[in-house]
Amino acid sequence: MLVKFWVQGEALDMYKFDGKDLEVRVGDFFVRRVVVGDVLVINERLRRRVQAIRQYETFVEMLEHEDFRRIAPGVSGQSEVLRRLRLIYPERRERLGVYVLELKPVDV
């Protein structure tokens, strides 16, 4: 299934130029419908196939298990990735659960 995803400009550049292959989202209805094998169409430009989906209760727990450099290549450290995630997702949204989508480029 094709699923449209939107990311902010900096994240789009990370996908295009820096090898970003982990997408972090909170568990809203839209994200919970994504399954392994789906193709994400990111900002109507890039296609990535979902290779794996991992779920955590909080961003902190997620960062204990996931490599922050794969989430935000070029960002200075784990605490900065956490700060950025919390700017995007307030605490009430984090309570929906944290989903990590492991992605692989799709040959067109």
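The values are calculated or read from the model by the stated rules, or taken from the named source; none is laboratory data. Source: prediction; values computed, not measured. Neighbour counts are summed over all protein chains in view; Cβ atoms, including those assigned to glycine, are modelled from backbone coordinates with ideal geometry.
Assorted remarks:
- Lone unmet requirement of (1) in contact with a Pro (Cβ under 8 Å, 6 or more places away or on another chain); (2) free of Cβ contacts under 8 Å to residues at least 12 places away in the same chain for Arg47: (2)
- Entirely in the range 54-108, the helices (runs of 4 or more DSSP H) that have 3 or more residues that are at pLDDT 95 or above and either exposed (fewer than 14 other Cβ atoms within 10 Å of the Cβ) or not charged (D, E, K, R) (or both): 59-65, 78-88
- Taken together, the residues in the range 1-10 that are touching a residue at least 12 places away in the same chain (Cβ under 8 Å) and not in a loop (DSSP other than H, G, I, E, B) amount to 4.
- Test: residue in the range 3-16 that is surrounded by 15 or more Cβ atoms within 10 Å (Cβ to Cβ), within 18 Å of Arg84 (Cβ to Cβ) and out of contact with any strand residue (DSSP E or B) (no Cβ under 9 Å at 6 or more places or on another chain): yes
- Extreme residue, farthest from Glu23 (Cα to Cα), among residues of the range 54-108 that are out of contact with any helix residue (DSSP H, G or I) (no Cβ under 9 Å at 6 or more places or on another chain) and of a type in the set (A, V, I, L, M, F, W, C): Val108
- Test result for Arg86, of a type in the set (D, E, K, R), more than 17 Å from Tyr15 (Cα to Cα) and in contact with a strand residue (DSSP E or B) (Cβ under 6 Å, 6 or more places away or on another chain): no
- Selection of the range 19-33 for residues being under 14 Å from the mean Cα position of the chain (by Cα), surrounded by fewer than 19 Cβ atoms within 10 Å (Cβ to Cβ) and part of a loop (DSSP other than H, G, I, E, B) yields Gly19, Asp21, Gly27, Asp28.
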